[in-house]
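Below is one structure, written out as structure tokens; comments come after it.
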Amino acid sequence: MNLRTVRKKIKSVKNVRKITKAMQLISAVKMKKSVQSELEGRLYRNGLMELIGSVSGKIDRSISPLLLTPKTTSIKDLVIYISANKGLCGAFHVNLLKFIVKNINLTTTEFVTVGSKGATSLSRFDQDIVADYSQGNPQTKVSAIFTLAIEAYLSGKYRSIKLLYTQYISALRSELKYITLLPIGIEELKKELAPKTHDYIVEPSPKEIIDSLLKSSVEEQIRGAIISSEAVEQSMRMMAMKNATDNAGDVIYSLTLIGNKIRQTKITSELLDMVTAKESVESN
């Protein structure tokens, strides 16, 4: 490796570092917006689930078909799989794919995908994708996803509707979530919210409001999962770009040392040639 080659490599790595630094800053801004939406929406979703759990003691399961085990002979489940459209976000997609391979029976499962990376991964396994909502802003597709899922469930096509996504906890921490949207587990919800349960008077009657309340809950869980997943995606991309920027700096430092050694070797060689030539002239 000569000095010119080293200088070219240093220039290339510096350009890469500028790009990764810019992507890190962009991801940080997007993450901040996503996290704000996630935290604000989480308050509403938690309040909605608490309300449902609180009035669950007054609920007759026959009020809403969402509370009943579907009368179907189908053994298939529908999973709403939320990933991302872009890469360069660390192990975000790898973790999701590993979970699917290890924990989901692909022979009895069909998928609705949100995110082209997830759809591409499933296509490699020749997996059935009922619908793909990867184009455009996924938050605008929530109603369409909810309508598709609930109609398929009520028609008896699937025995359950599940949701797979990555939940945002902090900038450095996230958690994979695999939850059952339908049928709604009222008993589990009651146990979880037992200490917070209050005595409510439901007017005009549970039958008139509970079904729409449950549907709103399911739709908001899908929306919250998409927002939370986006927050994790941007967070992991920011960290990945930060690591890439730091690594580029280390490479530049190493190449600079190599360039200095090559230059010093060249100078030493030229000095030796000069001394040798001088001694040769003087000896004559």
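The values are calculated or read from the model by the stated rules, or taken from the named source; none is laboratory data. Keep in mind that what you see is a predicted model, and the values were worked out from it rather than measured. Note: ideal-geometry Cβ built from the backbone for every residue, glycine included; neighbour counts use all protein chains shown.
Worth a mention:
- When the range 68-97 is filtered for residues that are under 22 Å from Thr20 (Cα atoms), outside any loop (DSSP other than H, G, I, E, B) and not β-branched (Val, Ile, Thr), the ones remaining, listed by number, are Phe92, His93.
- For Val13, the test of being β-branched (Val, Ile, Thr) and over 26 Å from Ile129 (Cα atoms) is passed.
- Annotation note: Cβ proximity below 7 Å between a residue of the range 242-253 that is surrounded by 14 or more Cβ atoms within 10 Å (Cβ to Cβ) and a residue that is among the hydroxyl-bearing types (Ser, Thr, Tyr) and at pLDDT 90 or above (sequence gap 6+ or interchain) occurs for Ala244/Thr20; Thr245/Thr20; Ala248/Thr20.
- Qualifying residue in the range 55-66 (condition: surrounded by fewer than 14 Cβ atoms within 10 Å (Cβ to Cβ), at pLDDT 90 or above and not β-branched (Val, Ile, Thr)): no
- One residue from Val29, Val6, Val94 being over 25 Å from Leu172 (Cβ atoms) and either surrounded by fewer than 18 Cβ atoms within 10 Å (Cβ to Cβ) or of a type outside the set (Ser, Thr, Tyr) (or both): Val6
- The single residue among Gly47, Gly118, Gly41 that is exposed (fewer than 13 other Cβ atoms within 10 Å of the Cβ) and either out of contact with any Ser or Thr (no Cβ under 9 Å at 6 or more places or on another chain) or part of a helix (DSSP H, G or I) (or both) turns out to be Gly47.
- Filtered by the rule that a residue be part of a helix (DSSP H, G or I), touching a residue at least 40 places away in the same chain (Cβ under 8 Å) and farther than 21 Å from Ser228 by Cα, the range 127-152 gives Ile150, Ala152.
- Filtered by the rule that a residue be among the hydroxyl-bearing types (Ser, Thr, Tyr) and out of contact with any strand residue (DSSP E or B) (no Cβ under 9 Å at 6 or more places or on another chain), the range 1-45 gives Thr5, Ser12, Thr20, Ser27, Ser37, Tyr44.
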